[in-house]
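Right, one structure below, let's go through it.
Only the coordinates and a few stated rules stand behind these numbers; no lab work does. What you see is a predicted model, and the numbers here were worked out from it, not measured in a lab. Every residue, glycine among them, receives a Cβ derived from its backbone with ideal geometry; neighbour counts consider all protein chains shown.
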Amino acid sequence: MTSTTARKGGPGIDPGRPAVPSLRGRARPVEALIRFVLRVAAAITVVTTIGIVVALLVPSLGFFAEVPLTDFLFGDRWAPRFAEASFGVLPLVTATAWTTVIALLVAVPFGLGAAILLSEYASASLRRILKPLLEILAGVPTVVYGFFALQFVQSTVFRDWLQLPTGAFSVLAAGLVMGVMIIPTIASISEDAMSAVPQSLRQGSAALGANRMQTTMRVVFPAAISGIIAAIVLGISRAVGETMIVAIAAGNQAQIVTDPLQQGQTMTGFIANAALGDSRVGSLEYDTLFAVGLLLFCMTLIINAISIALVRRFREAY
């Protein structure tokens, strides 16, 4: 009798009880559909990236067939539309570097400070109020930031209030407002990384006699460093690729910038202005757009590669 019961239902199973229907067979078509959709989504991202590279590379090859790569990368005069044309991209690179560095000097301390406040000091009710208010800055159109930098920061603050020796444009005004724009990006991602640190680490630090600031700087911050690095690098990429603020407030004069109060044309600013010009499609002047765009793409790619390497190096698993 025991062997018969074991054959029918197994030990401990009532042979008279109806078996529970398996959902495995029903779930397979749905899982297959989900896998297909995810694969299509991944393929679209890969195809889009390849399309961007091809769209930039093909015209750029025509440009570099006439302009040596060394002249393009190391030349100090950018005048593609002049009678004596020159294609040295260093003036655009220096202006881009100035605005990016100034933006980071604003965004990193304020962004990390906001992240520490939201993650470690603010109550739950205060966090529900402050975080949406902070993220509203990310929803403001960049053209609004550009006019704010031009009309208020540059004209009112620098020239009228501080009476600085500056003209109508400057990379300093563009960089400062750009830094305000990317504060939400750094703050939000850093706050998420710090909030993901297990509470047990904070409790252990407090048990050893550390106060809240010591726990934040010596325990939470190092534990969340990979996410914080990713947030900063994302902010760098956002600053390098920003267009409207620098196109409006930084100026259109392509020169090697040695003073933040000078005006300068960034790489994205040149692309925005030249794309609306009257350059003939297929001409050398027109191909400069793609050459500068390809250089900007390579710079962003290098920044992202460094970010991935740093995140993998400092990532902590809990």
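So here's what we get for this one:
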quantity	calculated
Contour excess over end-to-end distance, with Cα ends at Asn211 and Leu126 and 0.36 nm allotted per residue	28.5 nm
For the chain, alpha-carbon Rg over 2.2 N^0.38 Å	1.41
Amide proton proximity set for Phe87, modelled H, under 5 Å, gap of 5+	Ala79
Cα shape, segment 229-298, gyration tensor, a/c 1.5 rule	oblate
Cα convex hull of segment 174-318, projected area averaged across orientations, nm²	11.3 nm²
Distance in nm between pseudo-label sites at Ala305 and Ser283 (7 Å out along the Cβ direction from Cα)	3.5 nm
Segment 108-221: mean projected area of Cα convex hull, nm²	8.8 nm²
Kyte-Doolittle at least 1.6, axis length at least 27 Å by Cα - qualifying DSSP helices, the chain	90-116
Segment 143-212 and segment 72-115: distance between their alpha carbon centers, rounded to Å	19 Å
